[in-house]
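A quick write-up on the structure given underneath.
The values are calculated or read from the model by the stated rules, or taken from the named source; none is laboratory data. Fair warning: this is a prediction, and the values are worked out from it, not measured in the lab. No Cβ is skipped: glycine too gets one built from the backbone with ideal geometry, and neighbour counts run over all protein chains shown. What goes into the accessible areas is simple: the full protein's heavy atoms, side chains included, and nothing from ligands, DNA or RNA. Shrake-Rupley method; radii C 1.70, N 1.55, O 1.52, S 1.80 Å.
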Amino acid sequence: MAKKALITGVAGQDGGHLAKLLYDKGYEVYGVIRGQLESSHPRYKAVKSEMPFLNLVMADLTDLAALTRAMQEIRPDEVYNLAAISHVGYSFRDPILTAEVTGKGVLNVLEAIRLSGLEKSTRFYQASTSEMFGGLDYNRPNKGYAEDAVFHPRSPYGVAKLYGHWITKNYRESYGMHASCGILFNHEGERRGPEFVTRKISKAVARIKLGLQEGIELGNLDSKRDWGYAGDYVDGMWRMLQQDEPGDYVLATGETHTIREFCEVAFQEIDVEIEWQGEGESEVGVDKNSGRMLIKINPDFFRPAEVDILLGDPTKAEKVLGWERKVDFGGLVKLMVENDLKLEAL
Ligand code: GDD
């Protein structure tokens with residue numbers, strides 16, 4: 001019999017990659033989307049038309065009853081909890097909802113599994129995040145964060161995710177659940193939402209090339225991120241649940257780049273060399289050849305507290321899970337800009 005997997009947040013970036021991966025592996029795939037969506041709703045139709053193999057389940061992460069009903073009806077072998085309010089900047093504007101969904105929502109999913117009597121048979125994956133670390137690990141400044149690094153979240157999102165992380169470990173320790181946490185560093189790609197900086201840049205570069213947009217406004221150009229490709233990371237999630245024992249694993253590239261570098265490489269894809277002029281909020285990025293201003297700073301995109309640098313150490317995942325990445329930084333930027341050039345030209 002085919003294994004059954006249930007994915008919360010199936011309509012998000014990772015949900016789509018993971019659903020396809022599991023379907024290709026022969027799983028019966030169930031995807032949770034938020035309640036009240038009729039099958040005629042455009043969002044429902046969009047998910048269904050992209051992934052017709054998906055069995056869609058209506059539930060909200062804040063609704064224990066609906067989640068429990070889903071667990072009882074489906075009795076999944078594996079549950080991947082990817083749903084969250086996941087935009088760090090937004091979490092400062094709506095911290096209460098972020099705590100309810102991104103934090104307590106994890107508890108609801110775990111409780112739904114336990115209330116259904118599935119805690120000994122269903123394996124659980126929690127989408128933990130590098131945002132729980134919050135900056136440099138001063139004990140290992142050059143190596144990046146590993147699983148045992150100290151947490152210091154810098155946003156309501158990071159704090160909520162830390163609750164989700166610890167409650168997952170608590171259910172593992174208290175009830176013997178096969179519950180694992182993937183501490184994923186930033187992972188991007190063609191399915192990334194345009195509210196995140198990489199996709200905002202790749203989309204803008206494509207639109208500028210096609211004459212559809214003048215330039216782009218960004219916030220902090222100097223923060224550094226360890227960016228990988230989302231398609232590679234969902235394979236790591238699956239591998240975690242195939243282990244005999246549950247555990248926590250960092251998935252990262254071990255390389256870190258500034259937003260500034262991401263811009264430079266993205267513009268190179270359309271043969272534009274960026275030259276930076278000015279300082280602070282007055283800094284601009286111009287096309288070196290034509291002098292045309294393409295990038296400027298908008299302080300609205302600054303955050304009340306910033307994570308200046310993220311760099312991960314994926315050694316454990318590589319050794320224990322045999323996890324490897326196929327797409328490097330240059331390949332990622334290229335893939336994203338090429339994808340947006342195609343989409344914007346339609
Ligand atoms: N979104 C956004 N928009 N970020 C900007 C902008 C802008 O216009 N300008 C500069 N930035 C900077 C942010 O201040 C941050 O330092 C960096 O770009 C990355 O921002 P995001 O792409 O929004 O991602 P994130 O690093 O905050 O969070 C993502 O990665 C986490 C893993 O570390 C999200 O996917 C989280 O859900 C995830 O947990």
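Here the mean projected area of the convex hull built on the C-alpha positions of the stretch 83-235 is 11.1 nm².
For residue 224, the residues whose amide H sits under 5 Å from its own are 309, 310, ignoring neighbours fewer than 5 places away on the same chain, with H placed 1.01 Å from N.
Each peptide in 14-21, 72-79, 97-104 receives the mean, over its residues, of other Cβ atoms within 10 Å, and ordering these scores from highest gives 14-21, 97-104, 72-79.
At a 1.4 Å probe, what is the % contribution of carbon and sulfur to the accessible area of the chain?
Working: 7480 of 15490 Å².
Solvent-exposed carbon and sulfur of the chain make up 48 percent of the total.
The P(r) of the stretch 9-167 has a tail past 21 Å containing 51 percent of all C-alpha pairs.
Relative to its residue count, the stretch 27-119 spans a Cα convex hull of 110 Å³ per residue. Taking a ≥ b ≥ c as the square roots of the eigenvalues of the alpha carbon gyration tensor, the stretch 1-58 is prolate, as a/c is not under 1.5 and a/b beats b/c. Just checking the listed ones, 164, 228, 330: in the Gaussian network model of the chain with Cα springs under 10 Å, the one fluctuating most is 330.
Taking every pair of alpha-carbon atoms in the stretch 46-88, give the share separated by more than 12 Å as a whole percent. Don't skip to the answer; put the middle values down first.
Details: 643 of 903 pairs.
Here the tail beyond 12 Å accounts for 71 percent of pairs.
Just checking the listed ones, 159, 197, 333: in the Gaussian network model of the chain with Cα springs under 10 Å, the one fluctuating most is 197.
When both the stretch 3-46 and the stretch 241-320 are represented by their alpha-carbon centers, they are found 29 Å apart. Derived from the Cα gyration tensor, the three semi-axes of the equivalent ellipsoid of the chain are 35, 23, 18 Å, largest first. Adding -39500 (n - 2.57) for every DSSP H run of four residues or longer, then dividing by how many residues the chain holds, sets the calculated 222 nm ellipticity at -11000 deg cm²/dmol.
Just the number: Rg to Rh for the stretch 286-346, Cα atoms, Kirkwood Rh, two decimals. The partial results should precede the final answer.
On the way: Rg = 18.2 Å, Rh = 16.2 Å.
Ratio of gyration radius to Kirkwood radius: 1.12.
Here the alpha carbons of the stretch 201-304 define both size measures, Rg and Dmax, at 17.8, 59 Å. Ordered from longest to shortest, the equivalent ellipsoid semi-axes for the stretch 150-205 are 31, 14, 8 Å, each the square root of 5 times a Cα gyration tensor eigenvalue.
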